[in-house]
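Below is one structure; the comments refer to it alone.
The values are calculated or read from the model by the stated rules, or taken from the named source; none is laboratory data. Values in this document were obtained by computation on a predicted structure and should not be read as measured data. As a convention, Cβ positions derive from the backbone with ideal geometry for all residues, glycine included, and neighbour counts pool all protein chains shown. What goes into the accessible areas is simple: the full protein's heavy atoms, side chains included, and nothing from ligands, DNA or RNA. Shrake-Rupley method; radii C 1.70, N 1.55, O 1.52, S 1.80 Å.
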Amino acid sequence: MGMTMTQKILAHHAGLESVAAGQLIEANVDLNLANDITGPVAIRELEKAGFDRVFDNQKIALVMDHFTPNKDIKSAQQCLECREFAKKHGITNFFDVGEMGIEHALLPEKGLTAPGELIIGADSHTCTYGALGAFSTGVGSTDLAAGMATGKAWFKVPSAIQFVLKGRKAPWISGKDVILHIIGLIGVDGALYQSMEFTGEGVQSLSMDDRFTICNMAIEAGAKNGIFPVDQATLDYIGGRVKRNIQVFEADSDAEYTKTVEIDLSTLRPTVACPHLPENTKTTDEIGHIEIQQCVIGSCTNGRIDDMRIAADILKGRHVAPGVRTIIIPATQAVYLQCIEEGLAKIFIQAGAIVSTPTCGPCLGGHMGVLAQGERSVSTTNRNFVGRMGHITSEIYLASPAVAAASAVKGCICSPEDL
């Protein structure tokens, strides 16, 4: 029996000719990632285990992004711990305030993730890099400590679901609508510990930013990872960024999938995930009148330049509704600078929004947009669990940048078509 794309990458990194679903393997890791929350835990575990060095100072990335710029003394201490570790071990890929960005947007931008690679991160949204044809997945801080010390990690080889994408998406439809539609279809455990492998001619109509968004939220369907085939769009993206040799893997024609799901992109409508699970989806045509007090456009899911441009297209010449706090967070310094150079930042400010330095901040109720009792936010982030962005009675509606920007203008959740 043939192998899926994910299984081929795992077999290669384990030094095996083939692997099968359910098999336990040990594999070499190309990059180990941690942030200012998970990094200190991994560092302490590494030192507790008696390791006084890392296996490769160029294959570790530490990104200070969750509570930065530091919001309090505790978060400052956590970043200090990471800074001291990076300095002690000469970690080349250490990103702090001024150089950092939201980790899952920053690493591809810096060329640190590439097709065919195996990447682990102590953050559940590490699955983002599957957009480049890599196997990437989130792990616990203890597993990451082992990865930093030895360059290896163990895995149970996942089975896979094949998602065949057909047609072309309509205007205002983005990768966020695609993945919310899929999660609404299969549920938050619909791909539990499986690989979500995307294929079909519809892939060609998805930008790289669309693909990053889709893979980023694979974990919200319970998946081990999400992965796209490597095509010309992928190669164009990594051109000039990735300076090392890459290896492209393709699924075998006789690869085994637990099931195949067909998605006609041309039929999708702007989609929103209502509280308190990403699977609780409705289209903007179905959702009814829901007023909001806050709008967040950013995060590792939707803070890239395409997202900023879409939001600016809608906000240009308009103003956000009274009482709607609109927070726009470019995912990296490069995206922030591009927003300035293209005049997007000016559009945002003239529309009554604020533009923040790159940070995860509001996504996890950290800072820069915590919700009070009973407040509602439309957000381009990836989770809408109870209390995720603040008070346990607050509500989060997940949406695309287009829907979020339109909703900020109207004061209630709506499609851009409703403006």
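Points to keep in mind about this one:
- Region 22-92, relative contact order in percent, only Cα pairs under 8 angstrom and at least six apart counted: 42 percent
- Database remark: amide H of F163 closer than 5 angstrom to the amide H of E197, F198, T199, V261 (H placed geometrically; neighbours at sequence offset of 5 or more, or on other chains; Pro and chain starts carry no H).
- Distance violations [Cα-Cα > 24 Å] among K48/K74; K74/K110; K176/K410; K166/K410; K59/K243: K74/K110; K166/K410
- In order through region 128-135: 3J(HN,Hα) via Karplus (6.51 cos²θ - 1.76 cosθ + 1.60), integer Hz, x for Gly, Pro: 3, 6, x, 4, 8, x, 9, 9
- Amide H to amide H, with H built 1.01 Å from N, F249 comes under 5 Å of G116, counting only residues 5 or more places away or on other chains.
- Only the Cβ atoms of Lys and Arg (+1) and of Asp and Glu (-1) were treated as charged; on that basis the dipole of the chain about its Cα centre amounts to roughly 740 debye.
- The 3J(HN,Hα) values that the Karplus relation (6.51, -1.76, 1.60; θ = phi - 60°) gives for region 142-154 are, in residue order, 5, 4, 5, 4, 5, x, 5, 7, 10, x, 10, 8, 9 Hz. Gly and Pro appear as x.
- Over region 1-133: Rg over Rh, Cα atoms, Kirkwood Rh: 1.01
- The DSSP beta bridges internal to the chain are antiparallel in roughly 20% of cases.
- Cross-link reach list, aspartates and glutamates versus K156, counting only Cα pairs under 19 Å and skipping chain neighbours closer than eight places: E17, E26, D30, E117, D123, D143, D189, E197, E256
- Sequence-distant residues sharing a close amide H with C414 (under 5 Å, placed H): S407
- With contacts taken as Cα pairs under 8 Å and at least 6 residues apart, region 197-260 reaches a relative contact order of 32 percent.
- With the whole protein complex present, E341 retains an accessible surface near 140 Å², based on a 1.4 Å probe.
- For region 336-419, a crude dipole built from +1 on the beta carbon of Lys and Arg and -1 on the beta carbon of Asp and Glu, taken about the Cα centre, is about 220 debye to the nearest 20.
- Spatial offset of region 11-83 relative to region 112-170 amounts to 13 Å, using the alpha carbon center of each.
- Considering helices alone, the calculated mean residue ellipticity of the chain at 222 nm is -8500 deg cm²/dmol, with DSSP H runs of length four and up weighted by -39500 (n - 2.57) and normalised per residue.
- Count Lys and Arg as plus one, Asp and Glu as minus one, and take only other residues whose Cβ is under 12 Å from that of A131; the net charge is then -1.
- Mean separation of Cα contacts under 8 Å, 6 or more apart, over the residue count of the chain: relative contact order %: 17 percent
- For the chain, with +1 on Lys and Arg beta carbons and -1 on Asp and Glu, the positive-most of G343, V54, L235 along the dipole: G343
- Per-residue Karplus couplings for region 228-236, computed as 6.51 cos²θ - 1.76 cosθ + 1.60 with θ equal to phi - 60°, are listed in order as 10, x, 7, 10, 5, 4, 5, 5, 5 Hz, Gly and Pro entered as x.
- The Rg/Rh ratio of the chain, with Rg taken over Cα atoms and Rh as the Kirkwood radius over Cα pairs, comes to 0.96.
- Volume per residue that the Cα convex hull of region 307-419 spans, once the total is divided by residue count, Å³: 84 Å³
- Within a straight-line Cα-Cα reach of under 17 Å, K71 can be paired with the following aspartates and glutamates, leaving aside sequence neighbours fewer than 8 residues apart in one chain: D36, E81, D96.
- Rounded to the nearest angstrom and listed largest first, the equivalent-ellipsoid semi-axes of region 147-265 from its Cα gyration tensor are 23, 20, 14.
- At 1.567 mPa s and 4 °C, Stokes D of region 359-419 from Kirkwood alpha-carbon radius, µm² per second: 111 µm²/s
- Solvent exposure of region 57-174 as accessible area per residue, Å², 1.4 Å probe: 33 Å²
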